[in-house]
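To keep things clear, I will list the structure first and then write my remarks on it.
The values are calculated or read from the model by the stated rules, or taken from the named source; none is laboratory data. Remember, predicted model here, so these are calculated numbers, not experimental data. All Cβ positions, even for glycine, are placed from backbone atoms using ideal geometry, and neighbour counts span all protein chains on display. Just so you know, the surface numbers come from the protein's heavy atoms only, side chains and all, with ligands and any DNA or RNA stripped out. Shrake-Rupley method; radii C 1.70, N 1.55, O 1.52, S 1.80 Å.
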Amino acid sequence: MFTRKSGRLTCTIKLVCVVAVALAFNQHLCAQVAEIPGPILETRPENGTPIAATVLTNSIFSPPRGLTISTGVVGGYDDNVNASSSGGSTSSTGGSSTGGSGSSYISGNVALSYTPRISPRTQLSLTTGGGFTYYFDRTGYNPSGYLGLSLTHKPSRRMTLSLSVLVSYQSQPDVSTDLGSNQQLGSFIHSTDLISLSYSWTPRFSTVTSYTFGLLKYDGSAGSLENRMEHTLGEQFQYLLWPTTTGVAEYRFGIIDYESAPLDSTTNFLLAGLNHTFTPRLNATFRGGVELRSSESNGFQAGPYFESLLTYVLRNGSLIWTNSYSIEESSVPGGSGAAAFRTGLTLNYRFTRRLSASLPLFYVHGGNQSGGSSSSSSSSSGDTIDIGPSLNYSINRHFSANVGYHYTEVSGSGSYSRNNYFAGLNFSF
């Protein structure tokens, strides 16, 4: 167990170190000139589970054509298999509680990626996979599976229909988004889906109508208070100000419907921003404004809202950087939401024809209320940092080896830290 002050200091030091490494990598990226294909989502190499935050950002890249099937076996050591606070005890799906104890493990997974050649007007990418993780010092094993889909279709020259889907079943927390707890509460299903229709009314003026669906459902009672559905309707009005800059006015209406907790809410978003192309390979979007939220737990809340996305695609790498400040759902079961700052960096870089590296980094600073109503709840703030650097070496056309490290630290309510060391082999054809 660590104090909040020491935990924040540790998080800050590690965050600064990792960002410094990322900036060093970025200096190499600036020297490249040609575009490369990318996946529609990133997966964790230690267990093959997807990183939910990447499904809507990596879908802007073009995956390799054709069918690819890969399978992998990974062995490693996790020093906190139940993501438990020191001295605490947390149950886990399929196994008994071991507090903050560690265990060696083996993980096997298989993945399929398919990008057919359909037509110039229709682009489709499909990724699916699954596997299991077995801990030697704990009874039972953790199964997982996912489906990712990216579809773009142009019915006419002016109209574009887009669809992005991620459905995943897993037991390990995914702190890259707020759709789920940062605690290990058992196996769960989560889904993030987006459908949008854009139409160019004139050469300068266009609209984008969208619907986003989110689902979170835990198997057991430990996470049942987190179970919910999220719906967001959006309408963008875009005007081309300059050849590389588009001004945007946007309205969103969000509904969050909890299965059992009295935390339902509705939110109106009034936003304005820019879409800007610095170069053909460097793009950014910015949105800022206000969110007006009405919830069962906190009543009416009004606060600032901000989000940004930076994408950089080059011959030997890609970089995605996201930032947001908004009212997020609590990661504590039964807790009400509060304002939070979230940033995420996904960096991929190929040093040589055989050697490549990946660095997903996510950091969250925010507060949540531990009670279900504003009159009886207590406020707390916390920080979450999640770092997963890894290296991959291609032995030949079909075989590759990887090694990596995954670190998670959560301070505040339910604080814990977790170190995961792993190495494995992959076969693809």
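With the biggest extent put first, the Cα atoms of region 293-338 measure 50, 24, 9 Å across the principal axes. Cα extents for region 121-166 along the principal axes, largest to smallest and rounded to whole angstrom: 59, 10, 8.
Stokes-Einstein diffusion for region 253-366, with the hydrodynamic radius set to the Kirkwood value over Cα pairs and evaluated at 37 °C in a medium of 0.692 mPa s, equals 200 µm²/s.
Here the 3J(HN,Hα) profile of region 392-403, calculated from phi with Karplus coefficients 6.51, -1.76 and 1.60 at θ = phi - 60°, is 10, 10, 7, 6, 8, 4, 10, 9, 8, 10, 9, 9 Hz, Gly and Pro shown as x. Of the solvent-accessible surface of region 89-247, computed with a 1.4 Å probe and all protein chains present, 65% belongs to carbon and sulfur. Here the peptides 400-406, 77-83, 201-207 are ranked by packing, the mean other Cβ count within 10 Å, and the order with the highest first is 77-83, 400-406, 201-207. Global size of region 101-190: 17.9, 59 Å for Rg and Dmax (C-alpha atoms, Rg to one decimal, Dmax whole).
Protection proxy ranking for 386-392, 64-70, using the average of other Cβ atoms within 10 Å per residue and placing the highest first: 386-392, 64-70. Scaled to the globular estimate 2.2 N^0.38 Å, the Cα spread of region 168-238, given as radius of gyration, is 1.50.
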